[in-house]
Amino acid sequence: MRFGPVPVGDAIGSVLAHTLRADDLHLKKGRVLTPADVTAMLRAGVDQVVVAMPQDGDVLEDVAATILARALVPNPDAACVSVTRATTGRVNLNAVGPGIVELDADAIFRMNSLHPEITLATLAPMTRVTRRMLVATVKIISYAVPRADLERACQVVAGAIRVRPVVRRSAGLVLTTVPGQKESLNAKAQEAVLTRLSALGVELSEVRIVPHDTAEIGAALREIKGEVALILTGSATSDLYDTGPEGLRAAGGHVARFGLPVDPGNLLFHGAIDGRPVIGLPGCARSPALNGADWVLERIVCGLEIHDADVAAMGVGGLLKEIPSRPHPREG
């Protein structure tokens, strides 16, 4: 593509680089100039104009953005995203419902390294999204790009992004009480959990409040409704064999891991009973603020298994915003 000023008479078929106003004439940048446009400019006394002139093998910005978006998401329904029409070289990808973003970060890096004017920007991997939320944007920065580079970009980034939708649509919540505990504590916890689940399109099927006792927790976990079971104890879990994890074992389940390298959210444990996921929520889950429990909950309701390597990887970027109710702030 050539770019720069040309005599108006030579501008037919080129792309107007800057919006032009002269007398009553108003032509927007990005317009492919026609013979009628050239006549109108000459009548308005314009004898030179700045244009982008595509060369053989170039693809105009909107066409290029559309081609790249189709390669990125060959099946929008399967990827759970909607794809907008191209405008000014941009195509947006939006989530069609709640879920988490899955992408091939290496492929996207390699694509963005091919040509500086062929670009893709996305949310971070595993970001939670809601309906209509922007997931990614394709942007062709110049008015045209070489077809050969565009084709290479399409090959590299093919199918590199999708939204994994929520598949577990219900959850049960077990709350425990300890002597002297304020009634408002569990009410606050229930409201915060309900807010989290609602944002994911997950129903809170049942809430059971029981004494902070291993046998009581075990019985509640065996009986509570929901595709996922959540526990939030009145006394914080401080060991792999504390009351909450032992309650899960008493129910016939197993504990996969205690401890999360995300702060707030360190005191989380998770496991399962007969294939049903169980999450022992940390005390910070009583606040609606983002914490490590959100990251675990989001993955589980979207059907992902949580392995030790997944948990370990959460530590990078795992220092989250301080919450006002935190009893022992990181900084005094």
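Does the range 310-329 contain at least one residue that is among the basic types (Lys, Arg), within 21 Å of Asn186 (Cβ to Cβ) and in the same structural domain as Leu185 (by TED's automatic domain parsing)?
No, the range 310-329 contains no residue that is among the basic types (Lys, Arg), within 21 Å of Asn186 (Cβ to Cβ) and in the same structural domain as Leu185 (by TED's automatic domain parsing).
Go through (1) in contact with a Leu (Cβ under 6 Å, 6 or more places away or on another chain); (2) not assigned by TED's automatic domain parsing to the domain that holds Thr243 for Ala229 and report which single condition fails.
Ala229 satisfies all of (1) in contact with a Leu (Cβ under 6 Å, 6 or more places away or on another chain); (2) not assigned by TED's automatic domain parsing to the domain that holds Thr243 except (2).
State whether one or more residues within the range 139-160 are on the phi < 0 side of the Ramachandran plot, at pLDDT below 95 and in contact with a helix residue (DSSP H, G or I) (Cβ under 6 Å, 6 or more places away or on another chain).
Yes, that holds for at least one residue.
Just to check your reading of the model, which residue among Arg90, Arg43, Arg70 is more than 25 Å from Ser198 (Cα to Cα), at pLDDT below 95 and of a type in the set (Lys, Arg)?
Arg43
Which of the numbered conditions does Ala215 fail, given that it passes all the others? Conditions: (1) in a loop (DSSP other than H, G, I, E, B); (2) more than 25 Å from the chain's Cα centre (by Cα).
(1)
Are any residues in the range 99-115 in contact with a helix residue (DSSP H, G or I) (Cβ under 7 Å, 6 or more places away or on another chain) and not in a strand (DSSP E or B), and if so, which ones?
Of everything in the range 99-115, those that are in contact with a helix residue (DSSP H, G or I) (Cβ under 7 Å, 6 or more places away or on another chain) and not in a strand (DSSP E or B) turn out to be Ala107, Ile108, Arg110, Met111, Leu114, His115.
Could you figure out which of (1) in a loop (DSSP other than H, G, I, E, B); (2) surrounded by 21 or more Cβ atoms within 10 Å (Cβ to Cβ); (3) not small (Gly, Ala, Ser) isn't true of Leu248?
Condition (1) is where Leu248 drops out.
If we keep just the residues of the range 218-243 that are without any contact (Cβ under 8 Å) to a residue 40 or more places away in the chain and outside any loop (DSSP other than H, G, I, E, B), which is surrounded by the fewest Cβ atoms within 10 Å (Cβ to Cβ)?
Looking at the filtered set, the residue picked out is Glu223.
Hey, could you check the range 80-108 for residues that are under 18 Å from Cys154 (Cα atoms) and small (Gly, Ala, Ser) and say which is nearest to the chain's Cα centre (by Cα)?
Of everything passing the filter in the range 80-108, Ala105 is nearest to the chain's Cα centre (by Cα).
How many residues are of a type in the set (A, V, I, L, M) and under 21 Å from Ser235 (Cβ atoms) if we restrict to the range 263-277? Spell out the reasoning first.
Going residue by residue through the range 263-277, those that are of a type in the set (A, V, I, L, M) are 267-268, 272-273.
Checking the rest, the ones that are also under 21 Å from Ser235 (Cβ atoms) come to 267-268.
Looking only at that region, the number is 2.
The values are calculated or read from the model by the stated rules, or taken from the named source; none is laboratory data. Keep in mind it's a predicted model, so treat the numbers as computed, not measured. All Cβ positions, glycine included, derive from the backbone under ideal geometry; neighbour counts span all protein chains shown.
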